[in-house]
Amino acid sequence: MLAQNTTPAARSFALPDLLKRSWAFNPTMTIFTVMSALFLAVGVVGMIVDPRIVLGMPNWAKSTKFGISLLLYGATLLWLLPMITARPRLVQFVAHATGAILIFEIVLLVFQATRGVPMHFNVSTPLDATLWQAMSISIMAFWLVTALALGLLLFQKLPNRVLAWSVRLGLLLTLVGFTEGFLMPPPNATQRAALAAGQQLDLLGAHTVGAADGGPGLPLLGWSTNHGDLRIGHFIGIHGIQAIALLGALLLRRRPRWLNERHTLALVSIGAAAYGGLIALVTWQALRDQPLLAPDALTLGALGALIATTTALAGGVLLWARGRQTASNAA
């Protein structure tokens with residue numbers, strides 16, 4: 001089982017063995033992860049064979065993007081959740097609930113893509129409004145389950161402190177990214193004005209700040225090139241768990257001997273803080289109705305300050321560690 005304490009050498013990473021261990025840990029999460037891979041494949045094929053355009057993007061582009069993110073998230077949780085051994089029933093609840101909620105979302109996304117209509121914010125018909133409301137409820141439930149997973153992880157003792165804090169901070173950043181999604185459903189200024197004028201809207205809520213969704217955007221991603229876009233911070237945030245876990249793994253694997261556990265933990269914390277700062281920066285930029293690729297002097301200044309602060313802190317830790325090693329050798 002995934003939860004067993006096996007050494008890396010004892011494990012097989014062949015796909016059938018990975019699926020077998022995943023199924024033994026939690027069938028629902030395994031089904032979701034496999035469905036995510038199929039969802040991604042359907043999205044890619046759809047982009048090739050389906051000429052329909054929805055809100056300025058290929059009809060299946062959203063499915064492709066979601067397929068990538070969901071597959072990464074499912075694989076990450078199948079690696080992460082078995083580390084939590086203190087509350088096995090709650091861990092299984094998190095795994096079952098997460099898998100079931102996200103399977104439901106995949107079904108909704110495929111159904112709407114098959115119809116060639118938007119999934120998010122779509123209130124153009126009673127059916128579309130009902131489906132969007134159902135997805136909104138599932139998103140809130142998913143946020144709560146993720147928060148529970150973070151709570152379990154915070155109280156779980158892990159043998160490797162660097163790995164422990166890498167996944168804790170990473171999942172916290174992912175939860176922040178999920179939270180940013182709640183900025184999108186409320187009507188934006190343009191929609192509020194239209195509602196005040198008595199107009200009937202097909203979309204209520206938007207990814208774009210200062211304009212309706214569907215304008216010029218980056219290829220595949222669709223992020224607006226003319227206005228602010230809240231999807232940027234959301235995207236960066238939800239992949240925080242992969243980014244910070246990878247940072248921790250690289251530091252553990254590549255760190256020099258003079259970099260001890262305390263120094264490595266400090267570097268992981270600095271990396272997580274910098275990542276959180278990046279989420280905040282691009283979100284602030286979007287809320288100011290500014291495209292990602294057209295930053296003003298204020299945004300560039302904030303980015304420069306973030307880079308300089310991160311570099312100074314990380315450099316300080318490295319100098320501190322190196323200095324201690326030099327002093328130890330001299331003694």
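Taken as Cα centroids, region 145-189 and region 228-295 sit 13 Å apart, rounded to the nearest whole angstrom.
Comparing W23, W223, W165 in a Gaussian network model of the chain (Cα springs below 10 Å), the most mobile by mean-square fluctuation is W23.
Taking only the alpha carbons of region 126-261, we obtain Rg and Dmax values of 19.8, 68 Å in that order.
For the chain, build the charge dipole from Cβ charges (+1 Lys, Arg; -1 Asp, Glu) around the Cα centre, then report which of F32, P187, A211 sits farthest towards its positive end. Ranked along the dipole, the leading option is F32. Residue by residue, region 294-300 carries 3J(HN,Hα) couplings of 10, x, 8, 4, 5, 5, 5 Hz when phi is fed to the Karplus relation 6.51 cos²θ - 1.76 cosθ + 1.60 (θ = phi - 60°); x denotes Gly or Pro. Couplings 3J(HN,Hα) for region 308-313, derived from phi with the Karplus relation 6.51 cos²θ - 1.76 cosθ + 1.60 (θ = phi - 60°), are 5, 5, 4, 4, 5, 5 Hz, where x marks Gly and Pro. Note on region 184-331: along the principal axes its Cα atoms extend 80, 29, 26 Å, ordered by decreasing extent.
Couplings for region 249-254, taken from phi via the Karplus curve 6.51 cos²θ - 1.76 cosθ + 1.60 with θ = phi - 60°, read 5, 5, 5, 5, 7, 10 Hz in order; Gly and Pro are left as x. For a modelled paramagnetic label at R288, 7 Å from Cα along Cα-to-Cβ, the residues of region 295-314 in reach, with backbone nitrogen under 20 Å, are 295-310. Measuring nothing but how far apart in sequence close Cα pairs (under 8 Å, 6+ apart) lie, relative to its length, the chain scores a relative contact order of 15 percent.
Return one number: the angle in degrees, 0 to 90 and rounded to the nearest 10, between the long axis of the Cα atoms of helix 61-80 and the longest principal axis of the Cα atoms of the chain. Taking the Cα atoms of the chain, the angle to 61-80 is about 30 degrees. Within the shell defined by Cβ-Cβ distances under 10 Å, the residues around T30 carry a net charge of +2, with Lys and Arg each +1 and Asp and Glu each -1.
Dipole of region 8-330 computed with +1 at Lys/Arg Cβ and -1 at Asp/Glu Cβ about the Cα centre; of I232, I279, S124, farthest Cα towards the positive end is I279.
All C-alpha pair distances within the chain, sorted into 10 Å bins from zero, spread as 5, 22, 30, 24, 14, 4, 1, 0 percent across the bins.
All C-alpha pair distances within region 177-229, sorted into 5 Å bins from zero, spread as 4, 20, 25, 23, 17, 7, 2 percent across the bins. Proximity of backbone amide H atoms, modeled 1.01 Å from N, is registered between L203 and V123 at under 5 Å, excluding neighbours fewer than 5 places apart on the same chain. Tilt of helix 126-154 relative to the longest C-alpha principal axis of the chain, in degrees (0 to 90, nearest 10)? Between the helix axis and the principal axis of the chain, the angle is about 10 degrees. Taking label points 7 Å from Cα along the Cα-to-Cβ direction, T311 and L154 give a separation of 3.4 nm. To the nearest ten degrees, helix 88-115 and the longest principal axis of the Cα atoms of the chain are 30 degrees apart. Backbone amide hydrogens, once placed in the peptide plane, bring G217 within less than 5 Å of T225, excluding anything fewer than 5 places away on its chain. Each stretch of four or more DSSP H residues adds -39500 (n - 2.57); spread over every residue of the chain, this sum gives -23000 deg cm²/dmol at 222 nm.
Near G228, the amide H atoms lying under 5 Å from its own belong to V209, D289, Q290; only residues 5 or more places off or on other chains count, and H is placed 1.01 Å from N.
Bear in mind these aren't lab numbers, they're just calculated from the coordinates by the rules spelled out. Just so it is clear, the model here is predicted, and its values are computed rather than measured. Glycine also receives a Cβ, built like all others from the backbone with ideal geometry; neighbour counts cover every protein chain displayed.
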